[in-house]
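Novice: Before I ask anything, let me first share the structure, which is written out below as structure tokens.
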Amino acid sequence: MNAPNRSPIAPRSSHVSRTTSETTIELKLTLDGTGNADIQTGIGFLDHMLTSLTKHARFDLSLQCKGDLEVDDHHTAEDCALALGQAIDQALGERRGIRRFAHAYAPLDEALARVVVDLSGRPSSVVVLGLKRESIGELASENITHFFTSLAVTSRTSLHVDVLRGENDHHRAEAAFKAMALAFRQAVARDGSVDVPSTKGVL
């Protein structure tokens, strides 16, 4: 069977199945979607953040995860991020005809977040959320940061996330996810060309 067409006019979708001794994940992603989300990770706040990400990025995302939550939330948060990043990478293919660079700001009441992305093919991340609580719902604050860094690795993205202000940690985290959604929405958008947006010719 021939490899799928990755031209800019081809549907950009992917399917990731990921099974380890810690988690089992089934994920389907369409970049050019309408914001439909079917998210079941077993962690309510993570579901909330991924639903918000999907809605504002205008992706369609189905993600079911069964993780070892009797241990803690780390493996589920990390593996969901790794699977989502892998799905984004697969859906982008050769990354032809995309804008590549984008930035976005998103407020949530008193909180304000800024995210800058480069779909460079080189994973890198700087994430400064400034969360004070140990957890939000059943999701440890440290694993919210870890979600962003893990996503950057498998999506092969340079990702900078800064929460600029905010008193409420729920608001700070959600503003960051919304800003990332808006930045990804712009960065994956087609620009009408068929070129790889790099002087190297590959991403």
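The values are calculated or read from the model by the stated rules, or taken from the named source; none is laboratory data. None of these values were measured; they are calculated from a predicted model. Here Cβ is always computed from backbone atoms with ideal geometry, including for glycine, and neighbour counts include all displayed protein chains.
Novice: Only one residue in S124, S158, S198 is farther than 19 Å from D32 by Cβ and at pLDDT below 95, so which one is that? Write out each step before concluding.
Specialist: Details: S124 fails: at pLDDT below 95; S158 fails: at pLDDT below 95.
Of S124, S158, S198, the one residue that is farther than 19 Å from D32 by Cβ and at pLDDT below 95 is S198.
Novice: Return a yes/no flag: does segment 131-145 have any residue that is surrounded by 21 or more Cβ atoms within 10 Å (Cβ to Cβ), in contact with a Phe, Trp or Tyr (Cβ under 8 Å, 6 or more places away or on another chain) and within 30 Å of V71 (Cα to Cα).
Specialist: So far as segment 131-145 goes, yes, one or more of its residues are surrounded by 21 or more Cβ atoms within 10 Å (Cβ to Cβ), in contact with a Phe, Trp or Tyr (Cβ under 8 Å, 6 or more places away or on another chain) and within 30 Å of V71 (Cα to Cα).
Novice: Further question on the same structure: I'm checking my understanding of the structure. Among residues of segment 113-146 that are in a loop (DSSP other than H, G, I, E, B) and among the basic types (K, R), which one is farthest from L46 (Cα to Cα)?
Specialist: Here the residue is R122.
Novice: For residues that are more than 14 Å from the chain's Cα centre (by Cα) and within 24 Å of H75 (Cβ to Cβ), scanning just segment 146-171, find the one that is surrounded by the fewest Cβ atoms within 10 Å (Cβ to Cβ).
Specialist: H170
Novice: What is the number of the single condition among (1) among the small types (G, A, S); (2) under 13 Å from the mean Cα position of the chain (by Cα); (3) closer than 16 Å to H56 by Cα that A175 does not meet?
Specialist: (2)
Novice: Out of (1) under 22 Å from E22 (Cβ atoms); (2) polar (S, T, N, Q); (3) in contact (Cβ under 8 Å) with a residue 60 or more places away in the chain, the odd one out for T145 is which?
Specialist: All conditions are met except number (3).
Novice: I'd like the full set of residues that are out of contact with any helix residue (DSSP H, G or I) (no Cβ under 8 Å at 6 or more places or on another chain) and among the aromatic types (F, W, Y), limited to segment 107-150.
Specialist: none
Novice: Could you give every pair whose Cβ atoms fall below 7 Å, whose first residue belongs to segment 49-62 and is at positive phi, and whose second residue is assigned to a loop (DSSP other than H, G, I, E, B), counting only separations of at least 6 or pairs across chains?
Specialist: So the pair list comes out as R58/G33; R58/T34; R58/G35.
Novice: Quick check on segment 173-180. Is at least one of its residues in a strand (DSSP E or B), more than 24 Å from Q90 (Cα to Cα) and in contact (Cβ under 8 Å) with a residue 12 or more places away in the chain? Steps first, please.
Specialist: Taking segment 173-180 as the starting set, the residues that turn out to be in a strand (DSSP E or B) are none.
Checked segment 173-180: no residue is in a strand (DSSP E or B), more than 24 Å from Q90 (Cα to Cα) and in contact (Cβ under 8 Å) with a residue 12 or more places away in the chain.
Novice: Could you tell me which numbered condition D89 fails, if it satisfies all but one of (1) surrounded by 21 or more Cβ atoms within 10 Å (Cβ to Cβ); (2) under 22 Å from L159 (Cα atoms)?
Specialist: (1)
Novice: Can you tell which of E110, E78 is acidic (D, E), out of contact with any Leu (no Cβ under 7 Å at 6 or more places or on another chain), within 18 Å of G44 (Cβ to Cβ) and in contact (Cβ under 8 Å) with a residue 60 or more places away in the chain?
Specialist: Details: E110 fails: within 18 Å of G44 (Cβ to Cβ).
Result of the check over E110, E78: E78.
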